[in-house]
Amino acid sequence: MKPADIGPMFATWQAANPEPQTELAYSTPFELLTAVLLSAQATDVGVNKATRKLFPVANTPEAILALGEEGLCEYIKTIGLYRSKAKHLLETCRMLIELHGSEVPREREALEALPGVGRKTANVVLNVAFGEPTMAVDTHIFRVGNRTGLATGKTPLAVELKLLKRIPAEYRLHAHHWLILHGRYVCQARKPRCWECGVATWCRFKDKTPAP
Ligand code: SF4
């Protein structure tokens, strides 16, 4: 995609949705970290369903630890891989208490040192909780970046670095959400909805889906 086309593409998304939000329900950085940790290979809807019951009972590292593994699993057992996620979350809670005064750290290195927290999760937390212009490349963003020609790459990291380089600074804070929402609802994996896509003018995908 030509650099000159990138600005208009993001301006279109911004005009349609000026303040895009995560679809995960949370009210504190710790709740967000917990929700993102639980969301690997699960839907936001499924995670929200579980945390809606969990957070009123336990939404601090101390309270989650007090539940213990079995107690925590009762709340999250509808989420895929819940056993290992419970172990990671409990260990993360321990580290937050011991190393960070029970707060979620704002530094990438400290976040990535937490069990179950990889680069993508750290990027989401930095962006959503702390307003950093990071780019968490999930399956949707990886696909949209490659398909549109906005940022092509063989790995999520390659796409992330290219996106950060190519997206104009004024759009970087919200770019992550615009791209995810676009991939989730419009530029879908099996059949992109090109006929109703607001950014089709600039997209370089050759096999655009015709209107049904
Ligand atoms: S035109 Fe089609 S392939 Fe291109 S971004 Fe829109 S939905 Fe995706």
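Identify all residues within segment 20-41 that are surrounded by fewer than 18 Cβ atoms within 10 Å (Cβ to Cβ) and modelled with pLDDT under 95; write none if there are none.
Gln21, Glu23, Gln41
Among (1) without any contact (Cβ under 8 Å) to a residue 24 or more places away in the chain; (2) on the phi > 0 side of the Ramachandran plot; (3) not basic (Lys, Arg), there is one condition Gly116 misses while meeting the rest; what is its number?
(1) is the only condition that Gly116 fails.
Give just the number: which of (1) of a type outside the set (Gly, Ala, Ser); (2) farther than 19 Å from Thr121 by Cα; (3) more than 16 Å from the ligand (Cβ to nearest atom) does Lys162 not satisfy?
(2)
Consider only pairs whose beta carbons are under 6 Å apart and that are at least six residues apart or on different chains; among these, list those whose first residue lies in segment 132-156 and is in the same structural domain as His176 (by TED's automatic domain parsing) and of a type in the set (Gly, Ala, Ser) and whose second residue is modelled with pLDDT of 95 or more and in a loop (DSSP other than H, G, I, E, B).
Hits for this filter: Gly145/Ala151; Gly149/Arg204.
Output the residue which, of all residues in segment 60-105 that are closer than 22 Å to Gln41 by Cα and touching a Phe, Trp or Tyr at 6+ places or on another chain (Cβ under 8 Å), is surrounded by the fewest Cβ atoms within 10 Å (Cβ to Cβ).
Cys73
Within the set of pairs 6 or more residues apart or between chains, which connect a residue that is modelled with pLDDT under 95 and more than 8 Å from the ligand (Cβ to nearest atom) inside segment 177-197 to a residue that is of a type in the set (Gly, Ala, Ser) and in a loop (DSSP other than H, G, I, E, B) with Cβ atoms less than 8 Å apart?
Listed pairs, sorted by first residue: none to list.
The values are calculated or read from the model by the stated rules, or taken from the named source; none is laboratory data. Fair warning: this is a prediction, and the values are worked out from it, not measured in the lab. Counting neighbours? That spans all protein chains shown, and the Cβs are built from the backbone with ideal geometry, glycine included.
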